Amino acid sequence: MTSSTAARPTDELELVLALRVGDENAFTKLVHQYQSAMLQVALTYVGSRAIAEEVVQEAWLGVLNGIGRFEGRSQLKTWIMRIVINRAKRRGSEEARTLSFSEMQVRRDDSGPSVEPGRFRGPADPWPGHWWSPPANWAGMPEARLLSREMFDQVRLALDGLPERQREVITLRDVLGYTGAEVCNVLAISDTNERVLLHRARSRVRAAVERYLEQ
Amino acid sequence: MTRNDMRHMDTEMTCQELVELLSEYLDETLAASERLRFDAHLRTCSGCEAYIEQMRMTIRLLGKLTEESISAEAQRELLATFRTWKANGADHRG
């Protein structure tokens, strides 16, 4: 599994070298390649599009100022994303949205079941732990409904509603296509943590999609 | 297969247990013994089959979420930032 944003290592090295000597083409190429992913990641931490764009600007300045020291020990995309995350976190904590509220959320929401316990049969049932209210089969649903504009709005809303730690993992993994190992690397979290946060996040987004489709 | 695995095989996986293991299943990081129980459950449970499809669809939707580009104004600012950086000596700054 490789990410769609991954460049071949030689291309990447050439870009880095060209950027170091001030090649504007190399810069434009990098901006084109990474800006949308950077914006996506920045939005994970800050509350508005305008601030996210500012974060991306600041991050690029960080990239330019640091490129002379980039030694290629990590992938370029990992290194760039770390810069974005640092800048975005700093901005995010200046905003009211973060801190106390989301800190409380993190503790409450990172554990707990993936599916509401009420959907399963209880211990007194002959089939305890099996579906009481089974999920619907979406196979027969028209693509037009599944992939509608409103559906994507719902998915984005669900993402926005996730606790920050879950949101950062699922954004990198499922939205941007990073591998599990890359996510651990970018966020400096353990394998186990990554798995738990990803699963919790996916489960919540699935539930939101289900609620929307069954309205 | 160890004895421990055999004992696990005896206990059928419940739907409630399965939904907790799904991401590991999809990422193929589930332990072999768990995977056997998972597959065994799946063969006879249409509810869980539908659930897995829902999760796959959810992941597919997430992969299609793309943030558009930064604004044209922001792009112009970026280029200006780059030119200033370059004028100040690009990589010679240390």
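The values are calculated or read from the model by the stated rules, or taken from the named source; none is laboratory data. Only a predicted model underlies this, so the values are computations on that prediction, with no experimental measurement involved. Virtual Cβ from ideal backbone geometry, glycine too; neighbours counted across all protein chains shown. When the accessible area is computed, the model is the full protein with side chains, heavy atoms only, and any ligands, DNA or RNA have been set aside. Shrake-Rupley method; radii C 1.70, N 1.55, O 1.52, S 1.80 Å.
Summary table
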{"quantity": "Test: residue in the range A:27-47 that is in contact with a helix residue (DSSP H, G or I) (Cβ under 6 Å, 6 or more places away or on another chain), surrounded by fewer than 17 Cβ atoms within 10 Å (Cβ to Cβ), facing another protein chain (nearest Cβ under 8 Å) and part of a helix (DSSP H, G or I)", "calculated": "no"}
{"quantity": "Criterion (away from every other protein chain (no Cβ under 12 Å), modelled with pLDDT of 90 or more and surrounded by fewer than 14 Cβ atoms within 10 Å (Cβ to Cβ)) met by exactly one of A:P126, A:P117", "calculated": "A:P126"}
{"quantity": "First in the range A:187-215 and within 11 Å of chain B (Cβ to nearest Cβ) and under 14 Å from B:I59 (Cβ atoms), second anywhere and among the basic types (K, R) and open to solvent by less than 40 Å² (accessible area, probe 1.4 Å), Cβ under 6 Å, 6 or more apart", "calculated": "A:L198/A:R173"}
{"quantity": "The range A:170-215: number of residues that are β-branched (V, I, T) and over 10 Å from the mean Cα position of the chain (by Cα)", "calculated": "7"}
{"quantity": "Selection count, the range B:35-94, where residues are of a type outside the set (D, E), at the interface with chain A (Cβ under 8 Å from one of its Cβ atoms) and in a loop (DSSP other than H, G, I, E, B)", "calculated": "7"}
{"quantity": "Some residue of the range A:144-158 being basic (K, R), open to solvent by less than 40 Å² (accessible area, probe 1.4 Å) and assigned to a helix (DSSP H, G or I)", "calculated": "no"}
{"quantity": "Sole exception among (1) within 15 Å of B:G63 (Cα to Cα); (2) in a loop (DSSP other than H, G, I, E, B) for A:I170, by number", "calculated": "(2)"}
